[in-house]
Structures are given as structure tokens and as C-alpha cells.
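Trainee: Sharing a structure here in C-alpha cells format.
The values are calculated or read from the model by the stated rules, or taken from the named source; none is laboratory data. This one's a predicted model, so the numbers in the text were calculated from it and none came from an experiment. Positions of Cβ are generated from backbone atoms using ideal geometry, with glycine treated the same way; all protein chains shown enter the neighbour counts. Accessible surface areas use protein heavy atoms only, side chains included; no ligands, DNA or RNA. Shrake-Rupley method; radii C 1.70, N 1.55, O 1.52, S 1.80 Å.
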Amino acid sequence: MAAIKDLKTKLVQSNIVKNVGWLVFDKILRLSLSLVVVIWLARYLGPEQFGTLNYALALVSIVGTVAALGLNGLVVRDLVRQPEQAPLILGSAFALKVIAAVTGYLLVVAIVYLLDIDEMAAQLCLVLGFIFIFKSTDVFKYWFESQVRAKYVVIVENGVFLVIALSKLLLIHLEAPLIAFAWAYIGEVAGVALWLTIVYRRQHPQVKWAFNPEKASALLKECWPLIISVAAWILYTRVDQLMIGQLIDKEAVGYFSAAVRISEVSNMLPAILVMSLMPGIIRLQNLQPERYKQRMQFTYDVCVWLMLVVAIVVQFFADFAVSFLFTPSFAPAANVLRLQIWCGIFWH
């Protein structure tokens, strides 16, 4: 029995390592390719139109915290604890997300009219708001995460991401209008939703979901602290773009957004490092507590020193990097980038 238990533990750990490996691959691929696409998009649109697009994305992202409901961790937890209740859990979570998506879209419409923003930004917000509807199918992602099968989600999301990335480059080549790129964002979310639905249904053709009022009520009671937490983080990272758009202009948002794109990539480096090392570190938590603490401290030290080196390099080469990547028309973004890079040290 001890041997069987040990074998099961090793299998679980192996699955976790593979799962993390897929997630790391997902982060690296998305960061590298998205940066390339964003650079070409910014060069094509210019500071003003690029700022308008990011202004709309920021507004939709903030409202999106309502539509998300913070159900991810709760649903995954319940699926792990009560796998036999999966149809009720998934059905209830899906119903809640659909209701929240409709509410979120109506909230976007209300904000657009209350803020009295310009016509193009309003059109972008109303199109991007459809993201909430398609994100309701995130419940399929929750299922795969509960089964430690991140590879399915990674394959689907990156497959669609690659297609949409190429589509955006094609739109740039065809000199498409700004609104076309908003529809490209919708296409990415819709493609993931459709593909994940097909993958799940092929694996569970006989499973039928059901709405359970008690389960839905329980999820709502638990999710509100998570909504506040996510909303606080989204506000912290996105509200500045809204404020700049309202207080200055969309061109300034373009400069700020260009700097944000570069700093986001650098800030993800420690996260990728931690994701890569964490499975091995976690194994030591119970077996070798002292070594576990040493490994954790070493990981924190490496993250801080990594960001410090990046900050020093950016301090001297920010002007060149911004002009080279985004063209000289984005030159004012260099000083913003310097400040954001130094802030990244304290985030980690």
C-alpha cells in the first residue's frame, strides 16, 4: 500500500510539473508574439489611434471584473472536492457568468454615455463589450484546470491566438480601419470559446449541465471578496489610461500604452521564472523545510536582481528602444517607460 501511495504521489507531481510546463510555454509564446503584433499595430495606427484603442480596452477591462465574478478558483476548488457534482457546479457557474456578462455589457453602454466620450472610442467600447458574452465559456477552462489538463487550454488558446495574430498583421497590410482591430479581439475570444466547447463536448458527450439555485447562491456569497480583489488590481493597472484619456487626450494614452507594453513584458520575466521553479520548490515544503526556505529566498533574490538589471539597462536605452520599436513618433513614451521599469522592482 505504501508503494502504491508513493506511485500515486509521483504521478500527481508529474502531472503538476507537466501542467506548469504548459503554462510557462503559454506565457512565453504569448508575450513574445503579442509584443511583435502590438509593435506593428502601434506603428500602423500611430499614437492617437493606438491610444483610442487602449482607452477602450482599459474601460472594458475594468467593467470586465464584474462579468468575471472571480469564479475561477471557487469553481476549480468545488470541482476537485466534489467531482460527482460537476454538472451542477458547471451549469450554475455558466448561468451566473451569462447573467454577469449581460449586466457588464449594459454597464459599458451606460458608462459610454455618461462619460460622453468621442464617437470612435464609444464604438470600440460597444464592440469590445461582446467579449463578456463569449468569456462565459471560461467554465470549460475551469474544468480542465481542475483535472490538471492545462495543455488543452494552452493548445486551444494559442492556436486561436496565432490565427488572430496573423489576422491582425493582415489587417495592417490591408490598411484596415481601427474598428476592424476591435472585431479581431472579439474573434479571438469567440474562437477560444467555440473550440473549448467542442473539445469538452467530445470528451463528455453524455454530460448535461443543470442550474442549481443553492449552488449558484453559495458561489455568489463566496465570490464577492475575489471580485473586489480583482477589481482593485484591474483599476490599479488600467484606470491610469482612462484618467489620461479624460484629462489629457488619446495621443497621451498612446504614449503611455506603448510604455506599458514594454514594461509588462519585463514584469512577466520573474513570473515565468517563479512558475518554472515552483514545482520543485513545493516538493521540499514538507520533506526539507529549511531547504524549502532557502530555495524560496533564492527565488526572490533572483527576481529582484533580474528586475534591477533590466531597470538599469532600460534607464540608459529607453529612448533608443521606444524609437526603434514604435518609431520616433512615440518618443515621449521613453520617460514613462523608465518610471514603470523601476516600479517593477518593488512589485516583485
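Trainee: Over the chain, with the other protein chains present, what is the accessible area per residue in square angstrom, probe 1.4 angstrom?
Mentor: 53 Å²
Trainee: Taking a spot 7 Å from the Cα of Asn335 along the direction of its beta carbon, which residues of region 244-259 have an amide N less than 13 Å from it?
Mentor: Taking a point 7 Å out along Cα→Cβ of Asn335, the residues of region 244-259 whose backbone N falls under 13 Å are 256.
Trainee: Take the alpha-carbon centre of region 33-48, take the same for region 321-348, and report the distance between them in whole Å.
Mentor: So the two Cα centres are separated by 15 Å.
Trainee: Another question, then. Using a 1.4 angstrom probe with every protein chain in place, what is the largest-first accessible-area order of Leu74, Leu115?
Mentor: Largest to smallest exposure gives the sequence Leu115, Leu74.
Trainee: Could you check how much of the accessible area of the chain is carbon and sulfur, as a whole percent, using a 1.4 Å probe?
Mentor: 69 percent
Trainee: Moving to a separate point now. If I require 18 Å or longer along the helix axis, counting alpha carbons, and a Kyte-Doolittle average no lower than 0.0, what helices from the chain are left? Use full DSSP H segments. Don't skip to the end; give the middle numbers.
Mentor: Working: long enough: 2-68 (65 Å, 0.88); 86-115 (42 Å, 2.14); 150-173 (34 Å, 1.64); 178-203 (39 Å, 1.05); 213-247 (45 Å, 0.63); 250-287 (55 Å, 0.81); 289-326 (49 Å, 0.88); 333-347 (21 Å, 1.07).
Those that clear 18 Å and a mean of 0.0 are 2-68, 86-115, 150-173, 178-203, 213-247, 250-287, 289-326, 333-347.
Trainee: With a 1.4 Å probe and every protein chain left in place, tell me how much accessible area Ile117 has, in Å² to the nearest 10.
Mentor: Accessible surface of Ile117 is approximately 20 Å².
Trainee: Something else now. First select every other residue whose beta carbon is under 15 angstrom from the beta carbon of Ile39; then total the charges, Lys and Arg +1, Asp and Glu -1. Each step should come with its number before you reach the end.
Mentor: Numbers: positive: Arg30, Arg43, Lys168, Arg261; negative: Glu264.
Local net charge: +3.
Trainee: Please give me, ordered by residue number, the GluC sites (Glu not before Pro) of region 128-223 that lie in loop per DSSP and have at most 13 other Cβ atoms within 10 Å.
Mentor: Filter output for region 128-223: Glu175.
Trainee: Which one is right for this structure if mean projected area of the Cα convex hull in nm² is calculated from it: (1) 16.3; (2) 17.4; (3) 19.5?
Mentor: Answer by label: (3).
Trainee: With springs only between Cα atoms under 10 Å apart, run a GNM on the chain and tell me which of Arg238, Arg77, Arg291 wobbles the most.
Mentor: For the chain, modelled as a Gaussian network with Cα springs under 10 Å, the answer is Arg291.
Trainee: Using r as the Cβ-Cβ distance of Arg77 and Ile99, and R0 as 30 Å, what FRET efficiency do you calculate, to the nearest 0.05?
Mentor: That gives a FRET efficiency of 0.90.
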